[in-house]
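The values are calculated or read from the model by the stated rules, or taken from the named source; none is laboratory data. As the structure is a computational prediction, the values presented were derived from the model and not from experiment. Quick reminder, even Gly has a Cβ in these numbers, built from the backbone with ideal geometry, and neighbours come from all protein chains shown. The area values use the complete protein model at the heavy-atom level, side chains included, leaving out ligands, DNA and RNA. Shrake-Rupley method; radii C 1.70, N 1.55, O 1.52, S 1.80 Å.
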Amino acid sequence: MSSPAPTVRPGTGPKNVGLKNSARNFWLRVSEGMELNQLWSQMVKDARSSYRLYSAGLDQLPEQPSRRRRAWQTAKAVFWAILEKLTPARRLLLLLALLLLFSPSGQVPYTDKSGHIEFFEFDERVWGGLLMFVVLLLELADRVVMKRDLEIAKDIQTWMLPGAPLQIPGYQIAYATRPANTVAGDYYDVILRPGREASADRILFVVADVAGKSIPAAMVMATFQASLRTLSASGVSLGEIVAGVNRYSCSNSQGGVRFTTAFFAELDPATGTLVYVNAGHNVPILRKKSGLVERLETGGIPIGIFASSVYELGTTRLEDGDWLVIFTDGIVEAENAKTDEFGEAELIRLLDRESRRSPAELLRMLLVDLDRFVGNTPQHDDMTCLLLKKG
């Protein structure tokens, strides 16, 4: 007695399974495995970033007596903002594409071999769409080349920053940075300055923020790092390091336009004594074990403005249970969709609430809180934070 033939359910045959797998692989390749809510969040961020780029300067438009004239002025300003970001040749292609897209379809007469007059349907919108596609391909090619170069620059910049935190007996360190773009203008470093004896070793902490973002700021940051590393290895005092970095930065700051705010601190691990210079930077927080907060403000103006600037040294002391929090303005000035800022007060509240945790744990919590606060709002500035805890 023969066994019954297996039942094949609709849509489960080899051909259909293959199609489903192909479609699934195509989707995974396009979406890079991201969920729909993640894709939507990314689209919202991209749209808001693009709006910021193209709407820059709209607030300076002259007031118009009517809404219609105001809308016309705004539309015209956005149109020119988009057009002027293209090369002249691509502007002409885009204008021709728009002209064809908004042109009605037409008929072109021609005479066939028998002498009859025929009409050839000519759809300008098809050609307009093709020209628009050509412009898109040209811009995409530029973006791919630029992205490749930026990824290389990002790798180089990553090599310039410290890797695993330095192990200091009696202390815990954690740090992180988030660029607003592929490369950043923020900088942080932890440098061991050996003494003649182990008890004479000093640790140099630096957090800096170059004015501006992306490639120009990253290039200035590279010169800042080179001068800092050279001077810190020469055995000079902290005051001489700051003065030397300032003189060197003045020769590369375009007359002070590309200035750098920075916080320098040299720690004696044996005693907890901290000598510091605040060069126009966000005031770091020294939270004592008791909950009191000390502000480390002593210093001077930002680096790279005047070569003859004088910087005053400040001194404080870390006791067991004390926290030192050094950050850039991208942390406290992070904005949500309502343009509310995260704020220094929220950072202090987090520090008060979670002071028993390690710096690595607290830093992770801070980044999670920042993500929750900003939501889909695009990051507008580089974010850097360095945490040091004694004991």
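Here are some notes:
- Among the residues of segment 252-282, those identified as over 24 Å from the mean Cα position of the chain (by Cα), more than 13 Å from residue 241 (Cα to Cα), touching a residue at least 12 places away in the same chain (Cβ under 8 Å) and open to solvent by 20 Å² or more (accessible area, probe 1.4 Å) are 268, 269, 270, 271, 273.
- Of the listed requirements (1) out of contact with any Ser or Thr (no Cβ under 8 Å at 6 or more places or on another chain); (2) open to solvent by 30 Å² or more (accessible area, probe 1.4 Å); (3) not in a loop (DSSP other than H, G, I, E, B), residue 324 misses just one: (2).
- Residue within segment 252-264 that is part of a strand (DSSP E or B), in contact with a Gly (Cβ under 6 Å, 6 or more places away or on another chain) and within 16 Å of residue 299 (Cβ to Cβ) present: yes
- Odd one out for residue 355, checked against (1) out of contact with any Phe, Trp or Tyr (no Cβ under 7 Å at 6 or more places or on another chain); (2) in contact (Cβ under 8 Å) with a residue 40 or more places away in the chain; (3) among the hydroxyl-bearing types (Ser, Thr, Tyr); (4) assigned to a loop (DSSP other than H, G, I, E, B): (1)
- Of all residues in segment 229-241, those being at pLDDT 95 or above and closer than 17 Å to residue 186 by Cα number 0.
- Checking 211, 307 one by one, the residue that is in contact (Cβ under 8 Å) with a residue 24 or more places away in the chain, over 24 Å from residue 175 (Cα atoms) and out of contact with any Asp or Glu (no Cβ under 6 Å at 6 or more places or on another chain) is 307 and no other.
- Counted residues, segment 145-203 - those being touching a Gly at 6+ places or on another chain (Cβ under 8 Å), more than 21 Å from residue 231 (Cβ to Cβ) and surrounded by fewer than 17 Cβ atoms within 10 Å (Cβ to Cβ): 1
- Looking across segment 204-213 at every residue that is in contact with a helix residue (DSSP H, G or I) (Cβ under 9 Å, 6 or more places away or on another chain) and not β-branched (Val, Ile, Thr), the one that is surrounded by the fewest Cβ atoms within 10 Å (Cβ to Cβ) is identified as 212.
- Among the residues of segment 214-251, none is identified as open to solvent by less than 20 Å² (accessible area, probe 1.4 Å) and among the basic types (Lys, Arg).
- Residue that is under 30 Å from residue 328 (Cβ atoms) and modelled with pLDDT of 85 or more, where the choices are 137, 166, 99: 166
- Of all residues in segment 374-387 being at pLDDT below 95, over 13 Å from the mean Cα position of the chain (by Cα) and farther than 14 Å from residue 343 by Cα, the one that is most open to solvent (accessible area, probe 1.4 Å): 376
- Selection status of residue 371, open to solvent by 10 Å² or more (accessible area, probe 1.4 Å) and more than 26 Å from residue 184 (Cα to Cα): no
- Per-region count, segment 283-301, residues open to solvent by 40 Å² or more (accessible area, probe 1.4 Å) and of a type in the set (Gly, Ala, Ser): 1
- Between 276, 311, the distinction of being part of a loop (DSSP other than H, G, I, E, B) and aromatic (Phe, Trp, Tyr) belongs to 311 only.
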